[in-house]
Amino acid sequence: MSEPRPPGRLRRWLRRGLIALACLVLLRFALPFTIPFFLQSWARERGLELTYEDLNIGVLDGSVELWHANLRPLPAEGEERSEHPDPESSLAHLEFLEFDAVLYALLLGKLRATRVELDGMDVLARRGEDGVWELQQYLVPRDGQALEVELPQPEEDEEEPAEGPLAALAPLLRLARALEVSAVRVQHLNVRVQDPTVEPAVDTRLEVSVRLSDVGSRRRRTRLQVVALAPGVLNAARVEGNAAVVEDALAIQLEVEVDGLHARALGGYLRPLGLEARARQVSFGAKTSLRLADARDPEAEEDVSLRLTGDLEVRDVALSADLEPTLTLERLAVDLAALEPGLVHVAAVELEGLRGRARRDADGVLSAAGLGLVGAPPAAA
């Protein structure tokens, strides 16, 4: 007697499962070929040469490891490519990058990762005598055409701003809906900043560390921490924040601390603004909270693509120059009655505990917060 055949529905589910499994296997085995192609294409479009010592792609777990990658300008026409290029010619050098992707999410059009870790990266930001930063010429493709990445499109019942300032956020909003990352860690990111076009010339190394957790999570708050310092320019800066959806509203909290900003080292950027550093170091701190909610009536027929309401609060503002308090603010509250494309309606503003200090120096210049109001220099003829 022959064995009974599985029911038709079971056969259909088995067939779908096998097709899905085959797609997963095909995608995993294609990754080692597609990722290097896209990396090299992205670099060449911008006139850059990308080299790396090792690229490991886990066929089974979806992990990507990149070791000692270098970005440098492509050799000029007729110039021979050196097998051992000078490390100083690199615009950026990456020591280690690891990315763990959730493969089944890619099949659904979402970018989901359990962990992204970058440890050790050196970037050169140098300004030429013509006043143009060298990195600017490599930010866009030379032929004006880039590899197109199709972002997830909005659902049928979702609307997006059609015009006004908020319209520019539409691609970012679509990307945010498709992005979910459990943890991002950036350590030892060093940006060498060189600007000989100002007086005094700037030559410092900005060191940055970033900690970002639970991006796109529906259960936990998204948390951010950024720590930075630049010897001779900035003793330390710290930014901490978190965001979550609470009672159908987006709640964002941010705390900023800047300790020891050497204003005189940045005098070349202050002078065109009519300012002059009168203090050696300036420190600043503030706490901010923002709440935004959708104010559209789902039952009313409104010709509005986006309407938000909310409130902004800035508190505990403290600014000091050479350890001397120059400005304090206990609380600033702004009631945002409506925020639409091209329109911001502020219902009320509350200001509490504002205290400041200014003085006229011996040379007659009025100074406040460690800055003197000297007036902008005359425009060059």
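The values are calculated or read from the model by the stated rules, or taken from the named source; none is laboratory data. Just so we're clear, the structure is a prediction, and the values are computed from it rather than from any experiment. All Cβ positions, glycine included, derive from the backbone under ideal geometry; neighbour counts span all protein chains shown.
Observations
- Some residue of the range 271-293 being modelled with pLDDT under 90 and over 25 Å from residue 360 (Cβ atoms): yes
- Of all residues making up the range 260-283, the number that are small (Gly, Ala, Ser) and buried (at least 17 other Cβ atoms within 10 Å of the Cβ): 5
- Taken over the range 323-349, the criterion of being surrounded by 13 or more Cβ atoms within 10 Å (Cβ to Cβ) and not in a strand (DSSP E or B) is satisfied by 341 alone.
- Being at pLDDT below 80, farther than 17 Å from residue 99 by Cβ and not in a loop (DSSP other than H, G, I, E, B) holds for only one residue in 24, 31, and it is 24.
- Residue 49 meets all of the listed conditions (1) assigned to a helix (DSSP H, G or I); (2) modelled with pLDDT of 70 or more but one, namely (1).
- Scanning the range 232-242 for residues that are surrounded by fewer than 17 Cβ atoms within 10 Å (Cβ to Cβ) and free of Cβ contacts under 8 Å to residues at least 24 places away in the same chain yields 238, 239, 240.
- Total residues in the range 350-381, condition part of a strand (DSSP E or B) and within 27 Å of residue 279 (Cβ to Cβ): 15
- The range 342-365 residues that are more than 18 Å from residue 324 (Cα to Cα) and modelled with pLDDT under 90, paired with ones that are charged (D, E, K, R) and loosely packed, with under 12 Cβ neighbours inside 10 Å (beta carbon under 9 Å, 6 or more apart): 342/163
- The range 258-282: number of residues that are part of a strand (DSSP E or B) and under 21 Å from residue 193 (Cβ atoms): 7
- Whenever a residue of the range 243-267 is touching a residue at least 24 places away in the same chain (Cβ under 8 Å) and on the phi > 0 side of the Ramachandran plot, its partners that are in a strand (DSSP E or B) and surrounded by fewer than 16 Cβ atoms within 10 Å (Cβ to Cβ), lying with C-beta atoms within less than 9 angstrom and at least six residues away or across chains, give the pairs 248/294; 260/235; 260/236.
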